Amino acid sequence: MHCVACQSAIDPGDSWCSSCGVAVRRSEPDNERRFVTILRADVVDSTGLVADLDPEEAVSRLEPALAAMRGAVRQFGGIVSKELGDGVSAVFGAPIADDNHAPLACHAAIELVRRVVGLGDPGLQVRVGLHSGHVVAYMVSSEFSKVYEIGGAAQHLAARLESAAEANQIYVSKACQELAEGHVRFEYLGGKPLRGFNQAVPVYRIVGASDLSSWRVRRARSVSRFVDRTTERALLARAVESARTSRRTVLLLGDAGIGKSRLAHEFVQELRSHGWRLIDAECSPNLQGAPFSTLKRVLLSALEMAAKDPDSPSDPRKDLGEIAQCALDAVLDLPTSNPRWSQLEPHARGRAISDASCAVIASIARRQRTILLLEDLHWIDRASDAVMATIASLQAPGLLVLLTSRPTGMPVWIARCHAEVVAMQALDDDSGLAMLADMLGPSAANDDLKNRIISHTANVPLFIEEVCRGLRDSGTLHGQWGDLALVRPRAGHSLEHPGRDRGAPRSRVAPGARHPADRGSAGTTIERRHAA
Ligand SMILES: Nc1ncnc2c1ncn2[C@@H]1O[C@H](COP(=O)(O)OP(=O)(O)OP(=O)(O)O)[C@@H](O)[C@H]1O
Ligand SMILES: [Mg+2]
């Protein structure tokens, strides 16, 4: 190891260079190549804004905008990797991998602009640039601090997009737009000349958020018929049987893209055709900080379902007491002017909200067998979490609570409510091939390609879909879904490129989870756990 200033040899344990006294800077050995989204934001014409001010005044003029930027980045799970005096550079998807990095960065950018505009200082306007791409991420330690550094060309495009953006607008690269499409609405601005780029760069502008869950986005794109999952379905069928006499709770647990939502929705469809009623809601990463946001969705779905019940429309609220009705109104963001409600302590209000929510669900389940499907529990807000724990433990015959969650962020109460945990794993080879036969067609000419996709994706359905879509988008596969052929069939075709450019299967693995390709076995196993 050598000193960065005088190049003298340094002992690995030293904090200072013994020759010139400069502090030792260490970059940690585990530099990582990551697929991330980079956000760049700055204050428009900050130099003009502070030109006539003392340094202290200049700092306090810009500080509220910087604080708003930091807050928005943090709210959506990003980290500010660099402060630039009048702006920030932030990263989403590292150091902790998150497959949702592009939508999260877009939501953070929308919130960032909202916060700065909300400061009410017409002189303070921001512009934001977003790009998704590969970077090298590493920690740099000095004697006083550790800094998370990002390196690579991807940063430059984010910075150029920021410079090109109009006041209070967010400009986005094509790579980021493709990953966030469905979650956010975009307007295509055409190709723009950007400094340092030889050709015009396609630029998109964020128009607003649509807040669709990953399942809703994927459902619209999915092209394969449902395959496999026989063991899981048998287990769910058994849970349905026992739900006739007492409430059952089942959790589908597994990594991103493994097929939790698809299984849940296929199963729910079947139950509905047998007369079961459905209450369904999703937890959103964008609303994790908003108290009762998930519970509000659950209640809205429950009340709507009861009101539209074809056999006997009802309003489960009408049998509730005055305080319980206020509790529901509070969750639903309806005005409440009841003085008894206003005087309640926060703890008592929380209790009333929990009791009223349980009463609504139990009343619906009493009238008709009901399935409550709550998706993406790993993103539930804390206030709703406590109420869901109670709902998932209700003594209510005719109620099946079906939950989905990634392993990281699984609520602790799952063990307490005697939930059956179905640990979902990748498809087996035959099912992966069946999916591919649906997408590419049955032709034996694609057999080699299919086998290579199977081993490349380790039979994770989302990755199978992404690789096929990537090959089709890049023109490597030609034709319609269900009848695709290789344009230039050859044995050594690379599968890396499409997957990585479209969002990198590896980067989509939930924090802490291993990429399925790293696993030895792709077989389906079920794990049943009955906690005391
Ligand atoms: N058994 C299956 N047969 C055919 N397609 C499947 C199957 N399972 C999943 N898919 C497809 O794979 C994609 C990913 O599945 P899904 O959205 O259910 O994953 P998930 O486990 O819910 O992921 P996340 O944790 O991100 O919500 C979807 O487009 C889905 O239609
Ligand atoms: Mg899902």
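Considering only the stretch 75-90, I want to know if a residue exists there that is out of contact with any strand residue (DSSP E or B) (no Cβ under 6 Å at 6 or more places or on another chain) and buried (at least 22 other Cβ atoms within 10 Å of the Cβ). Checked the stretch 75-90: at least one residue is out of contact with any strand residue (DSSP E or B) (no Cβ under 6 Å at 6 or more places or on another chain) and buried (at least 22 other Cβ atoms within 10 Å of the Cβ).
Conditions (1) of a type in the set (Asp, Glu); (2) assigned by TED's automatic domain parsing to the domain that holds ASN286; (3) on the phi < 0 side of the Ramachandran plot, marked per residue:
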residue	(1), (2), (3)
VAL43	no, no, yes
THR47	no, no, yes
ASP52	yes, no, yes
ALA65	no, no, yes
GLY77	no, no, no
ASP86	yes, no, yes
PHE92	no, no, yes
PRO103	no, no, yes
LEU119	no, no, yes
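Take the stretch 268-296 and flag every residue that is under 20 Å from ALA419 (Cβ atoms) and within 16 Å of ligand 2 (Cβ to nearest atom). I'd like the intermediate steps shown before the answer.
Within the stretch 268-296, the subset under 20 Å from ALA419 (Cβ atoms) is 268, 271, 276, 278-283, 294-295.
The answer is VAL268, ASP280, ALA281, GLU282, CYS283, THR294.
For the stretch 175-217, filtering for residues that are within 16 Å of ligand 2 (Cβ to nearest atom) and more than 24 Å from SER474 (Cβ to Cβ) leaves 5. Scan the stretch 105-139 for residues that are part of a helix (DSSP H, G or I), in contact with a helix residue (DSSP H, G or I) (Cβ under 6 Å, 6 or more places away or on another chain) and surrounded by 23 or more Cβ atoms within 10 Å (Cβ to Cβ) and the total you get is 5.
Anything in the stretch 144-191 that is charged (D, E, K, R) and closer than 13 Å to TYR204 by Cβ? List them, or say none.
We begin by selecting, within the stretch 144-191, every residue charged (D, E, K, R); these are 146, 149, 160, 162, 166, 174, 178, 181, 185, 187.
Those that are charged (D, E, K, R) and closer than 13 Å to TYR204 by Cβ: LYS174, GLU178, GLU181, ARG185, GLU187.
ALA97 passes every criterion in (1) out of contact with any Pro (no Cβ under 7 Å at 6 or more places or on another chain); (2) closer than 30 Å to LEU462 by Cα; (3) at pLDDT below 80 apart from (1). Of TYR171, TYR204, all but one fail to be without any contact (Cβ under 8 Å) to a residue 40 or more places away in the chain and buried (at least 21 other Cβ atoms within 10 Å of the Cβ); the exception is TYR204.
Close contacts from the stretch 67-79, counting a first residue that is over 19 Å from ALA97 (Cβ atoms) and a second that is among the basic types (Lys, Arg), with Cβ to Cβ under 6 Å and a gap of 6+ residues or different chains, come to ALA68/ARG115; ALA72/ARG115.
Looking at SER357, is it assigned to a helix (DSSP H, G or I) and either among the hydroxyl-bearing types (Ser, Thr, Tyr) or assigned by TED's automatic domain parsing to the domain that holds ALA281 (or both)?
yes
So for the stretch 251-267 (the condition being away from ligand 2 (no atom under 16 Å from the Cβ), under 19 Å from ILE380 (Cα atoms) and modelled with pLDDT of 95 or more), does at least one residue qualify? No, there is no match, as no residue in the stretch 251-267 is away from ligand 2 (no atom under 16 Å from the Cβ), under 19 Å from ILE380 (Cα atoms) and modelled with pLDDT of 95 or more.
Each row is one residue, and each column tells you yes or no for (1) surrounded by fewer than 20 Cβ atoms within 10 Å (Cβ to Cβ); (2) closer than 30 Å to ILE96 by Cα.
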| residue | (1), (2) |
| --- | --- |
| LEU374 | no, yes |
| TRP379 | no, yes |
| ALA383 | yes, yes |
| VAL387 | no, yes |
| VAL401 | no, no |
| ALA423 | yes, yes |
| ILE453 | no, yes |
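For the stretch 214-319, the helices (runs of 4 or more DSSP H) that sit wholly inside it and include 3 or more residues that are closer than 19 Å to LEU332 by Cβ are 293-307. Please verify whether SER224 is within 16 Å of ligand 2 (Cβ to nearest atom), of a type in the set (Gly, Ala, Ser) and assigned by TED's automatic domain parsing to the domain that holds HIS418, treating the condition exactly as stated. Here the answer is yes, as SER224 does meet what is asked.
For the stretch 401-424, the set of residues classified as over 22 Å from the mean Cα position of the chain (by Cα) and at pLDDT 95 or above consists of VAL401 only. The condition (being within 16 Å of ligand 2 (Cβ to nearest atom), farther than 15 Å from SER301 by Cα and out of contact with any strand residue (DSSP E or B) (no Cβ under 9 Å at 6 or more places or on another chain)) is satisfied by just one residue among THR390, THR408: THR408. In this structure, PHE144 does not satisfy being among the aromatic types (Phe, Trp, Tyr), surrounded by fewer than 18 Cβ atoms within 10 Å (Cβ to Cβ) and modelled with pLDDT of 85 or more. Among residues of the stretch 244-270 that are within 23 Å of GLN395 (Cα to Cα), those with a Cβ under 9 angstrom from a residue that is of a type in the set (Phe, Trp, Tyr), sequence gap 6+ or separate chain, pair up as ALA264/TRP215; VAL268/TRP276. Counting only residues that are within 7 Å of ligand 1 (Cβ to nearest atom) and in contact with a strand residue (DSSP E or B) (Cβ under 8 Å, 6 or more places away or on another chain), the stretch 226-260 holds 2 of them.
Are any residues in the stretch 276-290 at pLDDT 90 or above and not basic (Lys, Arg), and if so, which ones?
Matches in the stretch 276-290: TRP276, LEU278, ILE279, ASP280, ALA281, GLU282, CYS283.
If you go through the stretch 273-284 and keep only what is under 19 Å from TRP215 (Cα atoms) and surrounded by fewer than 20 Cβ atoms within 10 Å (Cβ to Cβ), you end up with LEU278, ASP280.
The values are calculated or read from the model by the stated rules, or taken from the named source; none is laboratory data. It should be emphasised that the depicted structure is a prediction, and the values quoted were computed from it without experimental measurement. Glycine also receives a Cβ, built like all others from the backbone with ideal geometry; neighbour counts cover every protein chain displayed.
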